[in-house]
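Heads up: the structure comes next, in structure tokens.
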Amino acid sequence: MAMERQVCFVIMPFSKTRDEHTEDYWTKHFENFLKPLIEENPEVEARRSEPLRGDILTQIITALVVSRVVVADLTDHNPNVYWELGVRQSFKHGTITIAEAGMQFPFDTGTEAILSYYPKNHLKMSEFRKNFKQAVRDCLANPDRPDSHVLETLSGRGTLFEIFRRDEAMRRLSAVLWECKTNSDLLKMVLERAKANQEHPESRIIVTMRFKKTATELLVTNRYIDKDDSFFHLADDCLTWVDALNEMLSRWHSEANAIEKYLLENKKGATELIAGLQAEVIQARDEISKRF
């Protein structure tokens, strides 16, 4: 069975960038230089980016994100090359930047990580080939080795991604707390109404509101905070109670006396459960807040 090769996606100019670098030059640069050099590694297949058009833009972005290795030729500061490099470095490591020797780069790309090739110097070109092939092997062997400042800033503990994740968790927990408070207030109203109805059945009033559970369901199903199973079991028990209470509210009119007695006899369990979840969520929110 033939070995499935890893894709090395090459970002480079495809049209004239200066007098000596014509469209034909760049085509030959890929077909006669970069592609054979890359494919000296039998594990790798070289593919080239194409002009950015609306009908192929999705394909290019996909290739930039999923390719195991990306080579970006920054020669002549082509805008499309920089755009594609930005896309790649926002999603994945494993990028090799190269350029023809003598190019000047701005501070954010002008680092020794850019490998220079020397079309007119055989000895220096031989050194480039050696370093380039080693860089490809390194990308294959160490796909998670950081080489993108963008991705390092956006992902990982203490970075922007973690901050966004923290803020989203805090908003969701605030929704759970609001839900607990709303349900606690409604439970108090229901119990007061049930007691009054038992004392004065001739003027019975039925509560038509319902207990809420959307935020708590999201907490249980997504487990978006780092807590042990007991925390989520408590939240799940609370959901079970909410479903039971809503079922009783829907039957209150037809089974008023029995429902009211049941509510009054079991009020402690429901009250303590909601209060317990509320306390645990407050503690979880405080723990997350203290990490930053």
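Restricting attention to segment 181-205, report how many residues are closer than 14 Å to K261 by Cα and assigned to a loop (DSSP other than H, G, I, E, B).
Looking only at that region, the number is 2.
What are the residues in segment 260-291 that are over 24 Å from R223 (Cα atoms) and not in a helix (DSSP H, G or I), if any?
N266
Could you figure out which of (1) part of a loop (DSSP other than H, G, I, E, B); (2) at pLDDT below 95 isn't true of D167?
Every condition holds for D167 apart from (1).
Give the residue, chosen from I56, I11, that is within 17 Å of H93 (Cα to Cα) and in the same structural domain as A141 (by TED's automatic domain parsing).
Only one candidate qualifies: I11.
All but one of (1) surrounded by 15 or more Cβ atoms within 10 Å (Cβ to Cβ); (2) touching a helix residue (DSSP H, G or I) at 6+ places or on another chain (Cβ under 6 Å); (3) over 17 Å from R172 (Cα atoms) hold for R210, so report the exception by its number.
So R210 meets the others, but not (1).
Take the residues in segment 109-127 that are under 15 Å from A72 (Cα atoms) and of a type outside the set (V, I, T), then tell me which one is modelled with the lowest pLDDT.
Among residues in segment 109-127 that are under 15 Å from A72 (Cα atoms) and of a type outside the set (V, I, T), the one modelled with the lowest pLDDT is G110.
The rows are residues; the columns are (1) in a helix (DSSP H, G or I); (2) under 38 Å from the mean Cα position of the chain (by Cα); (3) modelled with pLDDT of 95 or more; (4) not assigned by TED's automatic domain parsing to the domain that holds Q283.
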residue	(1), (2), (3), (4)
M209	no, yes, yes, no
K212	no, yes, yes, no
A215	yes, yes, yes, no
L219	yes, yes, yes, no
Y224	no, yes, no, no
K227	no, yes, no, no
D237	yes, yes, yes, no
N246	yes, yes, yes, no
L249	yes, no, yes, no
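Mind checking which residues of segment 251-292 are hydrophobic (A, V, I, L, M, F, W, C), closer than 21 Å to S184 by Cα, touching a residue at least 40 places away in the same chain (Cβ under 8 Å) and surrounded by fewer than 16 Cβ atoms within 10 Å (Cβ to Cβ)?
L264, A275, I282
Under 8 Å between Cβ atoms, at least 6 apart or on separate chains: pull out the pairs that start in segment 218-229 with a residue that is closer than 15 Å to I288 by Cα and end on any residue that is loosely packed, with under 13 Cβ neighbours inside 10 Å and not aromatic (F, W, Y).
Y224/E168
Need pairs with beta-carbon distance below 6 Å; first residue closer than 17 Å to E43 by Cβ and within segment 125-147, second among the small types (G, A, S); sequence gap 6+ or separate chains.
C139/G94; P143/G94
Go through I98, I60 for me and flag whichever is at pLDDT 95 or above and crowded, with 17+ Cβ neighbours inside 10 Å.
I98
The values are calculated or read from the model by the stated rules, or taken from the named source; none is laboratory data. No experiment lies behind these values; they were computed from the predicted model shown. FYI the Cβ positions are ideal-geometry reconstructions off the backbone, even for glycines, and counts take in every protein chain you see.
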